[in-house]
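In what follows, a structure is listed as C-alpha cells, so that the remarks can point back to it.
The values are calculated or read from the model by the stated rules, or taken from the named source; none is laboratory data. Treat the numbers as computed from the prediction; the structure is a model and nothing was measured. No Cβ is skipped: glycine too gets one built from the backbone with ideal geometry, and neighbour counts run over all protein chains shown.
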Amino acid sequence: MFNRVWREKLIPWMIPMIILGLWQILSMNGMIPATILPSPIAVIQSGAELTASGELIDHITISLGRALTGFLIGGFLGFLFGLFNGLFKPLDLLLDTSIQMLRNIPHLALLPLVILWFGIDEVSKVFLVALGVLFPIYINTYHGIKTVDKGLIEMGKAYGLKGYSLFFQVILPGALSSILVGIRYALGVMWTTLIVAETIAANSGIGYMAMNAREFMQMDVIVLSILIYSLLGKLSDWIAKLFEKKWLMWKQLS
Amino acid sequence: MDFNPILHVDHVRKSYSDTPVLKGINLSIFQGEFVSIVGKSGCGKSTLLRIIAGLEDINEGEVKVNGERLTTINDGARMMFQDGRLLPWKTLLQNVGLGLTGDWKPKATYVLNSVGLKDRAGHYPSSLSGGQKQRVALARALVHEPELLLLDEPLGALDALTRMEMQNLIESVWKENRLTAILVTHDVEEAVLLSDRVIVIGEGEVVMNKKIDLPRPRSRSNPTFHHYTEEILDVIMEESCVKKSECKIV
C-alpha cells in the first residue's frame, strides 16, 4: 500500500494522531468534561476565532520577537566567550571559572530580581532568555573548540595555514557539530524560559494569553497556548536540524 | 648529486621534561636523495622528522634548510602523517587543495588523478579505505611541489598488499618529480626497498648511516637486498633501549 519512505514518514505521527482521536471521542462522550479539558475541535475553533480577530498573530509575533532577540543576544555572547576562551589560554584562565559559577545559578530563579530591575517590560523577558541561552552555547562552543583534533591543527600548520585560514578551515568546522548541539539545546531553553517569563511577568505574548484566559476560565485558549508553544518549539528544532544536515553533510556520507 | 646539502641537522638535542630523546643528531640530506630513518619505536626517529618539519622546538643545535637556520614551520617541506589527517569536512579535492591559493582546482585535480582517485574528487574522506586515504594525503603533499617530502610512517597502518602498492606509488612519484624524501619507518625492508641511504637511530643518536647500492626497481628476493636488511637489523637489535623509561613512546 505505502512504500517504505512514506511509511517512515507516517509512523512517527501515529501515536499523536491516535491520542488526538481518543481525546476527541472521550470529550464528545462527556467522559472528559469541557471544564477540565476542552475537545481538540473546540481548541481548533478558538484558534480560528483568535486568528480571525488578529489577536493570536499579535501574541505569536510578540513572543517570537522576544525569543529571537534573547536568543541572538545570548547566543552571540555565549559563542563569543566560548570561542575566545577556547582559543586563548589567558582569557580562559581569567574567565572560565567565573562563567562556570554563574552558570550554576538557575536563571529562572532570577525572575523576581529581574522584575524588580526591569519591570514587566520587554527587557525582562529578553534578558532572561539571553541569560538562559548563553550558557549552553558557551559550554558547547568552548568544548567544541577545545576538542578539535590536535593532529588536524598541527597538519594545518604544517600545510601553511595560520590565523584566519586555520580557524575557518580547521578549528571552526571541527567544533561545529558541538556548537550545533549547543544551539539545539539552547533553543529548548529559550522557549521554556519565555513561557515562564511571559506567564509571570507580561501583558502580551502567548504566555500572557494563557494567563489571561485563566481569569475567564477559557480552557480552550489555555490549551491552545500550550499547543502553540509546542509547535514553535518543534519548528525551531526542525530548523536547527536542517542546518545540522547542511553543515554536517560530511558526517552522514560514510 | 649537489655538493651542498639541502638539509643539515647539526648537533640537535631534544628532551621532553628532562627525558632526553635526541642526544646530538648530525645529519645531511642532499638534493634528490631518498633517505630512510629507522630505529626501535620510542628512540626519537619521529621526533627528528617533526623537528625537520619545524613542528617541534629543539633544546640545542640547529637545523639548516639550504643554509638558513630553521626557526618556524619548514615551508619547503610537506609531511605525510601515519594517520592521514585528512579534514573530514572537506571533499577529497578540497583536501588536496588545502593551503593552495589562486586557481587551485586544476592543479589539485591533476594531482588527485595522478594518485588514481580521479572519480572520487567530490567524495568525503569517511568513504575511503585506509590506503585510499593515504593516497589523498600523498596527493595533498605533492601538490605543493615540496622541496622535501617527509613521510612519518605513512604505511604503518596498512595491510601488506596495500602497503606494497603504496611503496611503488611513493617510489614512482619520488622519481618522476625528482623529490628529496625522508621516510621514517620501523620496517627495515621497506627502508632498503626505497632508500638511497638508511640511517639508524638508537637511543637518540645516529648509530648507522648506510648507503644502499642496489639498482632500481629493487627486488626483495635479491640476495644483496637480504644482506642489507640483515646488517641494518643487527645494528638496531644491538642498540635496543636498555632502560625503557628513557624511551618516549612515539
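Take the conditions (1) modelled with pLDDT of 90 or more; (2) loosely packed, with under 15 Cβ neighbours inside 10 Å; B:MET80 misses just one of them, which is (2).
The residue that is farthest from B:GLU153 (Cα to Cα), among those in region B:68-78 that are more than 9 Å from chain A (Cβ to nearest Cβ) and out of contact with any strand residue (DSSP E or B) (no Cβ under 8 Å at 6 or more places or on another chain), is B:GLU68.
Here's the yes/no breakdown for (1) over 30 Å from A:LEU111 (Cβ atoms); (2) within 14 Å of chain B (Cβ to nearest Cβ); (3) within 23 Å of the chain's Cα centre (by Cα); (4) aromatic (Phe, Trp, Tyr):
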{"position": "A:PHE127", "(1), (2), (3), (4)": "no, no, yes, yes"}
{"position": "A:LYS146", "(1), (2), (3), (4)": "yes, no, no, no"}
{"position": "A:LYS150", "(1), (2), (3), (4)": "yes, yes, no, no"}
{"position": "A:ALA158", "(1), (2), (3), (4)": "yes, yes, no, no"}
{"position": "A:VAL170", "(1), (2), (3), (4)": "yes, yes, no, no"}
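The residue that is nearest to A:ILE195 (Cα to Cα), among those in region A:114-134 that are without any contact (Cβ under 8 Å) to a residue 24 or more places away in the chain and of a type in the set (Phe, Trp, Tyr), is A:PHE118.
Is it the case, given these coordinates, that A:ALA197 is buried (at least 19 other Cβ atoms within 10 Å of the Cβ) and within 30 Å of B:LEU86 (Cα to Cα)? For A:ALA197, the condition - buried (at least 19 other Cβ atoms within 10 Å of the Cβ) and within 30 Å of B:LEU86 (Cα to Cα) - is not met.
Taken together, the residues in region B:79-107 that are at the interface with another protein chain (Cβ under 7 Å from one of its Cβ atoms) and in contact with a Gly (Cβ under 9 Å, 6 or more places away or on another chain) amount to 8.
Against the criterion of being at pLDDT 90 or above, crowded, with 16+ Cβ neighbours inside 10 Å, over 14 Å from the mean Cα position of the chain (by Cα) and over 12 Å from B:LEU86 (Cβ atoms), B:ALA160 does not qualify. Scanning region A:138-174 for residues that are of a type in the set (Lys, Arg) and farther than 30 Å from A:ILE73 by Cα gives A:LYS150, A:LYS157. Pairs meeting the criteria (first residue in region B:184-198 and under 11 Å from B:ARG220 (Cα atoms), second residue among the basic types (Lys, Arg), beta carbons under 8 Å, at least 6 apart or on different chains) are B:GLU189/B:ARG220; B:GLU190/B:ARG163; B:VAL192/B:ARG218; B:LEU193/B:ARG218; B:LEU193/B:ARG220.
Residue-wise test of (1) without any contact (Cβ under 8 Å) to a residue 24 or more places away in the chain; (2) in contact with an Asp or Glu (Cβ under 9 Å, 6 or more places away or on another chain); (3) in a loop (DSSP other than H, G, I, E, B).
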site	(1), (2), (3)
A:PHE168	yes, no, no
A:PRO173	yes, no, no
A:GLY182	no, no, no
A:ALA186	no, no, no
A:ILE195	no, no, no
A:GLU198	no, no, no
A:ALA210	yes, yes, no
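Among the residues of region B:40-54, is any farther than 30 Å from A:LEU172 by Cα, buried (at least 17 other Cβ atoms within 10 Å of the Cβ) and either of a type in the set (Lys, Arg) or within 10 Å of chain A (Cβ to nearest Cβ) (or both)? Yes, the conditions are met somewhere in region B:40-54.
In region A:141-166, how many are free of Cβ contacts under 8 Å to residues at least 24 places away in the same chain, of a type outside the set (A, V, I, L, M, F, W, C) and not in a helix (DSSP H, G or I)?
3
Pairs linking a residue in region A:235-254 that is more than 9 Å from chain B (Cβ to nearest Cβ) to a residue that is modelled with pLDDT under 85, with Cβ atoms under 8 Å and 6 or more positions apart or on different chains, are A:LYS245/A:GLN252.
Total residues in region A:80-110 satisfying the condition of being within 27 Å of A:LEU194 (Cα to Cα) and in a helix (DSSP H, G or I): the figure is 15.
Select from region A:47-69 the residues that are of a type outside the set (A, V, I, L, M) and touching a Gly at 6+ places or on another chain (Cβ under 8 Å) and write down the one among them that is farthest from A:HIS143 (Cα to Cα). Among them, the one singled out is A:HIS59.
Of all the residues in region B:116-141, those that are surrounded by 22 or more Cβ atoms within 10 Å (Cβ to Cβ) and within 12 Å of another protein chain (Cβ to nearest Cβ) number 5. When the criteria are applied in full, B:LEU112 meets the requirement of being touching a residue at least 24 places away in the same chain (Cβ under 8 Å), under 27 Å from A:VAL148 (Cα atoms) and more than 10 Å from chain A (Cβ to nearest Cβ). Per the listing A:ILE139, A:ILE99, A:ILE120, A:ILE153, the residue uniquely under 30 Å from B:MET79 (Cα atoms) and surrounded by 15 or more Cβ atoms within 10 Å (Cβ to Cβ) is A:ILE153. Of the residues making up region A:1-42, those that are closer than 20 Å to A:VAL221 by Cα, in a loop (DSSP other than H, G, I, E, B) and more than 30 Å from the chain's Cα centre (by Cα) are A:GLY30, A:ILE32, A:PRO33, A:ALA34, A:THR35. A:SER177 - would you say it is within 14 Å of chain B (Cβ to nearest Cβ) and either touching a Leu at 6+ places or on another chain (Cβ under 6 Å) or over 30 Å from B:VAL96 (Cα atoms) (or both)? When the stated conditions are applied, A:SER177 passes them.
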